[in-house]
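The values are calculated or read from the model by the stated rules, or taken from the named source; none is laboratory data. Here the structure is a predicted model, which is why all the values come from computation and not from measurement. Here the Cβ positions follow ideal geometry from the backbone for every residue, glycine too, while neighbour counts run over all protein chains shown. Ligands, DNA and RNA are excluded from the accessible area calculation, which covers all protein heavy atoms including side chains. Shrake-Rupley method; radii C 1.70, N 1.55, O 1.52, S 1.80 Å.
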Amino acid sequence: FCTKKTPDETANYMGRLKVLDAIKRISKKVYVIGTGQLALNCSESILARGIVPHVYEYGALPNSLLESRCNKRNIPFVRADKMDLTKVLLEETEDALIVSANSTYIIPGIVLSKTNIYGVNFHPGLLPAHKGRNAEAWAIYEQDEFSGVTWHELSADIDSGAIVAQER
């Protein structure tokens with residue numbers, strides 16, 4: 001049951017526990033904002049825990065792959081623009097978890113300042129290096145020895161929230 005863990009493994013484990021705790025605590029409303037397979041995997045994972053996620057794809061074209069897969073699995077799906085999505089989040093009154101999974105939508109600070117909202121974001125690089133878009137390309141350009149992915153808490157400063165989990 002208990003094994004020795006490196007500091008990185010321990011941090012990743014604690015981060016996962018924090019997210020799972022948030023999912024358990026915020027069992028009424030989970031928003032998955034993103035696109036592609038990652039957003040679908042996150043949605044299915046949340047659904048497997050008995051919570052029906054609300055999937056929002058920002059800037060999606062009609063009949064996107066995510067939309068068709070959500071429809072097949074009876075997962076609520078909405079194609080939204082920036083203003084509509086911001087309005088939905090600002091009007092949320094219940095405790096809610098936002099999972100940003102491969103999303104280009106930058107959640108406004110006014111949304112993140114709401115006390116009933118907790119959020120995590122997927123970043124395709126090892127933060128704090130290469131914040132923002134195209135982290136993979138920057139890792140190659142900078143000739144990084146290795147790269148990886150980061151899940152971090154959402155904050156008003158892009159890709160600056162507390163790291164929840166990282167993997168090389």
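Within segment 30-42, track down each residue that is open to solvent by less than 40 Å² (accessible area, probe 1.4 Å) and either touching a helix residue (DSSP H, G or I) at 6+ places or on another chain (Cβ under 7 Å) or not in a helix (DSSP H, G or I) (or both).
Scanning segment 30-42 gives 30, 31, 32, 33, 34, 36, 39, 40.
Mind listing whichever residues of segment 137-159 are out of contact with any His (no Cβ under 8 Å at 6 or more places or on another chain) and closer than 29 Å to residue 117 by Cα?
Matches in segment 137-159: 148, 153, 154, 155, 156, 157, 158.
Condition first: open to solvent by less than 80 Å² (accessible area, probe 1.4 Å) and among the polar types (S, T, N, Q). Now tell me which residues in segment 55-67 satisfy that.
Residue satisfying the conditions is 64 alone.
Looking at 110, 140, 163, which is the one that is at pLDDT below 85 and of a type in the set (Val, Ile, Thr)?
On the way: 110 fails: at pLDDT below 85; 163 fails: at pLDDT below 85.
Of 110, 140, 163, the one residue that is at pLDDT below 85 and of a type in the set (Val, Ile, Thr) is 140.
Residue-wise test of (1) crowded, with 19+ Cβ neighbours inside 10 Å; (2) in a loop (DSSP other than H, G, I, E, B).
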| position | (1), (2) |
| --- | --- |
| 75 | yes, yes |
| 79 | no, no |
| 83 | no, no |
| 97 | yes, no |
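If you scan segment 131-161, which residues turn out to be open to solvent by less than 40 Å² (accessible area, probe 1.4 Å) and more than 18 Å from residue 101 (Cα to Cα)?
139
On the given criteria, is residue 79 touching a Ser or Thr at 6+ places or on another chain (Cβ under 8 Å) and charged (D, E, K, R)?
Taking the combined requirement at face value, the residue satisfies it.
Of all residues in segment 107-118, count the ones that are assigned to a loop (DSSP other than H, G, I, E, B) and either among the basic types (Lys, Arg) or exposed (fewer than 13 other Cβ atoms within 10 Å of the Cβ) (or both).
Taking segment 107-118 first, the residues assigned to a loop (DSSP other than H, G, I, E, B) are 107-108, 113-116.
After this cut, where a residue has to be either among the basic types (Lys, Arg) or exposed (fewer than 13 other Cβ atoms within 10 Å of the Cβ) (or both) as well, the list is 113-116.
Residues flagged as assigned to a loop (DSSP other than H, G, I, E, B) and either among the basic types (Lys, Arg) or exposed (fewer than 13 other Cβ atoms within 10 Å of the Cβ) (or both) within segment 107-118 amount to 4.
Scan segment 45-54 for residues that are under 13 Å from residue 97 (Cβ atoms) and either open to solvent by 20 Å² or more (accessible area, probe 1.4 Å) or under 13 Å from the mean Cα position of the chain (by Cα) (or both) and report the count.
Of the residues in segment 45-54, 6 are under 13 Å from residue 97 (Cβ atoms) and either open to solvent by 20 Å² or more (accessible area, probe 1.4 Å) or under 13 Å from the mean Cα position of the chain (by Cα) (or both).
Looking at (1) among the hydrophobic types (A, V, I, L, M, F, W, C); (2) at pLDDT 90 or above; (3) touching a Lys or Arg at 6+ places or on another chain (Cβ under 9 Å), find the lone condition where residue 47 falls short.
Condition (2) is where residue 47 drops out.
With the structure loaded, tell me whether residue 89 is modelled with pLDDT of 95 or more and either in a strand (DSSP E or B) or buried (at least 19 other Cβ atoms within 10 Å of the Cβ) (or both) or whether it fails that test. Walk me through how you get there before you give the answer.
Details: modelled with pLDDT of 95 or more: yes; either in a strand (DSSP E or B) or buried (at least 19 other Cβ atoms within 10 Å of the Cβ) (or both): yes.
So residue 89 passes the test.
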